[in-house]
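Chemist: The structure under discussion is supplied below as structure tokens; questions concerning it will follow.
The values are calculated or read from the model by the stated rules, or taken from the named source; none is laboratory data. Quantities reported herein were computed from a predicted structural model and do not represent experimental measurements. A quick note on method: Cβ atoms are made from the backbone with ideal geometry, for glycine too, and the neighbour counts reach across all protein chains shown. Accessible surface is based on the protein model in full, side chains and every heavy atom, while ligands, DNA and RNA are left aside. Shrake-Rupley method; radii C 1.70, N 1.55, O 1.52, S 1.80 Å.
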Amino acid sequence: MRAFIFGAGGHAAAIASVLETDVTFVVSDDLAQPGQMLASDFFSRIDDFRKAAVYIGIGSNAARREIYDKLTRFDVRAANCISRHSFVARNAELGSAVAILPGSVVGARARIHDNVIVNTLSSVDHDCVLGSHSQVTAGVTFGGMVRTGENCFFGIKCGVVPNVVIGNNVAVMAGALVVRDLPDDVTAGGSPARIIKKAGTRARPDVINGGPFLV
Amino acid sequence: MRAFIFGAGGHAAAIASVLETDVTFVVSDDLAQPGQMLASDFFSRIDDFRKAAVYIGIGSNAARREIYDKLTRFDVRAANCISRHSFVARNAELGSAVAILPGSVVGARARIHDNVIVNTLSSVDHDCVLGSHSQVTAGVTFGGMVRTGENCFFGIKCGVVPNVVIGNNVAVMAGALVVRDLPDDVTAGGSPARIIKKAGTRARPDVINGGPFLV
Amino acid sequence: MRAFIFGAGGHAAAIASVLETDVTFVVSDDLAQPGQMLASDFFSRIDDFRKAAVYIGIGSNAARREIYDKLTRFDVRAANCISRHSFVARNAELGSAVAILPGSVVGARARIHDNVIVNTLSSVDHDCVLGSHSQVTAGVTFGGMVRTGENCFFGIKCGVVPNVVIGNNVAVMAGALVVRDLPDDVTAGGSPARIIKKAGTRARPDVINGGPFLV
């Protein structure tokens, strides 16, 4: 089956590495290289691709959500990308456009909402709930029963102890250890994590893989 | 083969998610829900279940040991729960009632004693020895040749560098990095880890998944 | 096919645990035990072993390089040891004498040069480049697009955020989080990592699994 991946950067390459099929990368500007397709061309011919698998290969939460929303408007439900080198419990629930990358673990009764990335060697343990449009980057550990809101970002090697509740638009810095609930719209860092500023992912549309971090 | 899991909380759900069979959860009080069994009923009919696989699905070290001891008195050897999504070296040695959960690694010549949990995405490297009734929670890294006593607890994302020797009843806080030997009955935290108080897991029967941690 | 592993310590045992064949350990001194072979005997009979697989099972970067160089002089290309419990992207490129141990992940378009160890449950994400004769120990996380020089050492549970460039002969301490480029010949530790001293792995030929670390 033909597969399309929105994006052509590092995360798109990661998605492609997990799929066992040839893919066409779909890019948003006129920098398309040979073998890539312009997003404008994709949407103008959308009815030709109704049977294709469509993945969103974009790391930035904001940009990933934009594509997700556009696909939804065109009545396209993006596919989940579940690595065979991951573990997803049978009774976990996944939305659409979810990426579970190599080495990661999604535990019993966990719920991963739409358009979430669980990146390399990260774990989301039993009974966790991850809100839509969030990214768990690489080497992240969630204890059991953690709940997060939408549009959160978890930097590399951060951790969240069990039972913590995290709001919407929260950015957790690389290496942080979250041991207490966090409200909406904050950035937290350190071990134990403290609120560094009253501005989470919403104020940082540029948040990408691994950042922000304390320097 | 019929399988029973003692416990009905998060760790029991994690055990169930790894088994590829239907299970009956065995609970200790009268809150048994449909499909669950009371422990008192289990033990009163124990001879009916001699051929069943029995697992201990309890995170708390103290409560898990209590069930282990009771099963031993009834001459029941609890089964090991080894995820197919883990790696256990052929020459590693496991006791009974051991849980090796998804994504975890047990290295060459390691010895895991009875009733130990090696939780999600944790590694116990070559030549390590883990004492009975201990729990390694999620995202924990042991270097090679680490040895621990009985009834230890390792919080999420902690690490132990190679060759360290740890006593009995030691609690290592989430996110700690242990770089020196630790005596019996202490709680250690921080990076590098220091002894926070002279009370380890024995003084904290309530230690559960992910805790204790610095706040 | 007959297999030889240079070394007989912990890392050699780790290599052996991944191979699904019987092995002969090759040791460098006269302490050879039954079933082991002296390196001097191996090289004096090298033409008998041209069809055998030869692995380098030595953790120390300096000692591992010495064997690598000697094998090269004898025109022996050491084999890669890739655990079936790892993930290596199809378009990643590996040199020779590379070890990818259980639970580890090598991402899309990553390049791992000769004689590198990626140890237990560590990840080297998309587009990373690891220089020859380096060791990534256990539980280490590299974000995407990190580049390192030769003869680097990454202690357990350290992390490197995306896009960082690291020089030659750099030692990163256990638990450190590298968020900025590092020049040649330094040792860095802490979170965020700072240069602890102007002496990297070159000044520390004794650096082994998990060390150095802050105490």
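Chemist: Classify segment C:4-73 from the C-alpha gyration tensor, please: rounded if a/c falls under 1.5, else prolate or oblate depending on whether a/b exceeds b/c. Working shown, then result.
Modeler: Numbers: a/c = 1.24, a/b = 1.10, b/c = 1.13.
Since a/c stays below 1.5, the shape of segment C:4-73 is classed as rounded.
Chemist: For q = 0.09, 0.10, 0.12 Å⁻¹, what log10 I(q)/I(0) does the protein assembly as shown give under the Debye formula with an equal point scatterer on each alpha carbon and no solvent?
Modeler: With no solvent term, the Cα-only Debye profile gives -0.72, -0.88, -1.23.
Chemist: If you don't mind, there's one more thing I want to ask. Hey, if you put +1 on the Cβ of every Lys and Arg and -1 on every Asp and Glu Cβ in segment A:58-215, which of A:190, A:130, A:113 ends up farthest toward the positive end of that dipole?
Modeler: Looking along the dipole axis, the top candidate is A:190.
Chemist: Also, I was wondering about something else. Would you mind checking the pairs A:197/C:157; A:198/C:198; B:157/B:197 and listing those with alpha carbons more than 32 angstrom apart?
Modeler: Details: A:197/C:157 27 Å; A:198/C:198 38 Å; B:157/B:197 20 Å.
Listed pairs above 32 Å: A:198/C:198.
Chemist: Rg and Dmax of segment A:86-177, using alpha carbons, in Å: what are they?
Modeler: So, for segment A:86-177, Rg and Dmax equal 11.1, 31 Å respectively.
Chemist: Here's something else I'd like to know. Ignoring the sites themselves, what is the longest stretch of chain A with no trypsin sites (Lys or Arg not before Pro) in a DSSP loop and at most 14 other beta-carbon atoms within 10 Å?
Modeler: On the way: sites that count: A:2, A:45, A:50, A:51, A:77, A:84, A:90, A:198.
The longest such stretch corresponds to A:91-197.
Chemist: Further question on the same structure: Please identify the chymotrypsin sites (Phe, Trp or Tyr not before Pro) of segment B:25-85 that satisfy two criteria: DSSP loop assignment and at most 15 other Cβ atoms within 10 Å. Which are they?
Modeler: Working: sites: B:25, B:42, B:43, B:49, B:55, B:68, B:74; in loops: B:74.
Those that pass, being in a loop and sparsely packed, are B:74.
Chemist: What whole-number value in Å² describes the accessible area per residue of the protein assembly as shown for a 1.4 Å probe? Don't skip to the end; give the middle numbers.
Modeler: Working: 24880 Å² over 645 residues.
For the protein assembly as shown, the per-residue accessible area is 39 Å².
Chemist: Okay, next question. For segment A:1-154, just list the percent of Cα-Cα distances falling in each 5 Å bin from zero outward, please.
Modeler: 2, 10, 20, 24, 18, 13, 8, 4, 1, 0
Chemist: Okay, next question. Compute the label-point distances linking residue B:190 to its equivalents in the other copies; points lie 7 Å from Cα along Cα→Cβ; give nm, one decimal, shortest first.
Modeler: Those separations, rounded to one decimal, come out as 1.5, 1.5 nm.
Chemist: Need one value for B:141-153: mean number of C-beta atoms belonging to other chains within 10 Å of its residues' C-beta atoms.
Modeler: Shielding by partners across B:141-153 averages 4.
Chemist: Continuing with this model, one more query. Spelling out what I want: for every residue of segment A:168-179, take phi, set θ = phi - 60°, compute 6.51 cos²θ - 1.76 cosθ + 1.60 (Karplus), and round to whole Hz; glycine and proline get x.
Modeler: 8, 6, 9, 10, 10, 5, 3, x, 6, 10, 8, 10
Chemist: Same structure, new question: Report, as an integer, the average count of C-beta atoms from other chains found within 10 Å of each Cβ along C:10-16. Present the calculation step by step, with values, prior to reporting the outcome.
Modeler: Details: counts 12, 4, 2, 10, 8, 2, 6.
Per-residue shielding by partner chains comes out at 6.
Chemist: Using the basic label-point model (7 angstrom from Cα toward the beta carbon), what is the residue C:29 to residue B:43 distance in nanometres?
Modeler: Computed distance between label sites residue C:29 and residue B:43 equals 5.5 nm.
Chemist: Taking only Cα atoms, what is the 0 to 90° angle, nearest 10, from helix B:61-73's long axis to the longest principal axis of chain B?
Modeler: The angle comes out at about 50 degrees.
Chemist: Give, ordered by residue number, each residue of segment B:84-129 whose 1.4 Å probe accessible area is reduced by a minimum of 30 Å² on adding the remaining protein chains to the chain alone.
Modeler: B:85, B:87, B:90, B:102, B:105, B:108, B:109, B:120, B:121, B:125, B:126
Chemist: Using 5 Å bins from zero, what percent of all Cα-Cα pairs in segment A:33-95 falls into each bin?
Modeler: Percent of Cα pairs in each bin: 3, 13, 21, 24, 17, 12, 6, 2, 0.
Chemist: OK, next. Let me know the charge dipole size of segment C:120-202 about its Cα centre in debye, to the nearest 20, where only the beta-carbon of Lys, Arg (+1) and Asp, Glu (-1) is charged. Provide the component values of the computation, followed by the final result.
Modeler: Numbers: 7 positive and 6 negative charges, 63 e Å.
Dipole size: approximately 300 debye.
Chemist: On to the next question. ³J(HN,Hα) across segment A:127-138 via Karplus (A = 6.51, B = -1.76, C = 1.60, θ = phi - 60°), whole Hz, x for Gly/Pro?
Modeler: 6, 6, 10, 10, x, 4, 6, 9, 10, 9, 7, 8
Chemist: With charges only on Cβ, +1 for K and R and -1 for D and E, what is the dipole size of the protein assembly as shown about its Cα centre, in debye, rounded to 20?
Modeler: Working: 63 positive and 57 negative charges, 132 e Å.
Around 640 debye, computed over the protein assembly as shown.
Chemist: Carbon and sulfur together cover what percent of the accessible area of chain A at a 1.4 Å probe radius? Don't skip to the answer; put the middle values down first.
Modeler: Working: 4000 of 8310 Å².
Carbon and sulfur together cover 48 percent of it.
Chemist: Could you report the buried accessible area between B and A, both sides summed, computed with a 1.4 Å probe and given in Å² to the nearest 100? Please report the intermediate quantities before stating the final value.
Modeler: Working: alone 10240 and 10260 Å², together 18540 Å².
By this definition, chains B and A bury close to 2000 Å².
Chemist: Over chain A, what is the relative contact order in percent, taking alpha-carbon pairs closer than 8 angstrom and at least six residues apart? Walk me through the intermediate numbers first.
Modeler: Details: 633 pairs, mean separation 25.2, N = 215.
Reported as a whole number, the value is 12 percent.
Chemist: Express in % the proportion of alpha carbon pairs of segment C:1-45 at distances exceeding 17 Å.
Modeler: Pairs farther apart than 17 Å: 27 percent.
Chemist: Oh, and also: Just the projected area, averaged over all directions, of the convex hull on the alpha carbon atoms of segment C:123-184: how many nm²? Could you put the intermediate results ahead of the total?
Modeler: On the way: hull surface 12.5 nm².
With every direction weighted equally, the projected area is 3.1 nm².
Chemist: Could you name the lysines whose alpha carbon sits less than 28 Å from that of residue A:70, not counting residues in the same chain fewer than 8 places away?
Modeler: Cα-Cα hits under 28 Å: A:51.
Chemist: To continue, here is another question. In a Debye calculation with equal point scatterers on the alpha-carbon sites of segment B:105-148 and no solvent, what is log10 I(q)/I(0) at q = 0.17 Å⁻¹?
Modeler: One equal scatterer on each Cα of segment B:105-148 leads to -0.36.
Chemist: Sticking with this one: List the distances, in nm to one decimal, from the label point of residue B:41 to the label points of the same position in every other copy, shortest first, placing each label point 7 Å from Cα along the Cα-to-Cβ direction.
Modeler: Taking the point 7 Å beyond Cα along Cα→Cβ, the inter-copy spacings are 6.5, 6.5 nm.
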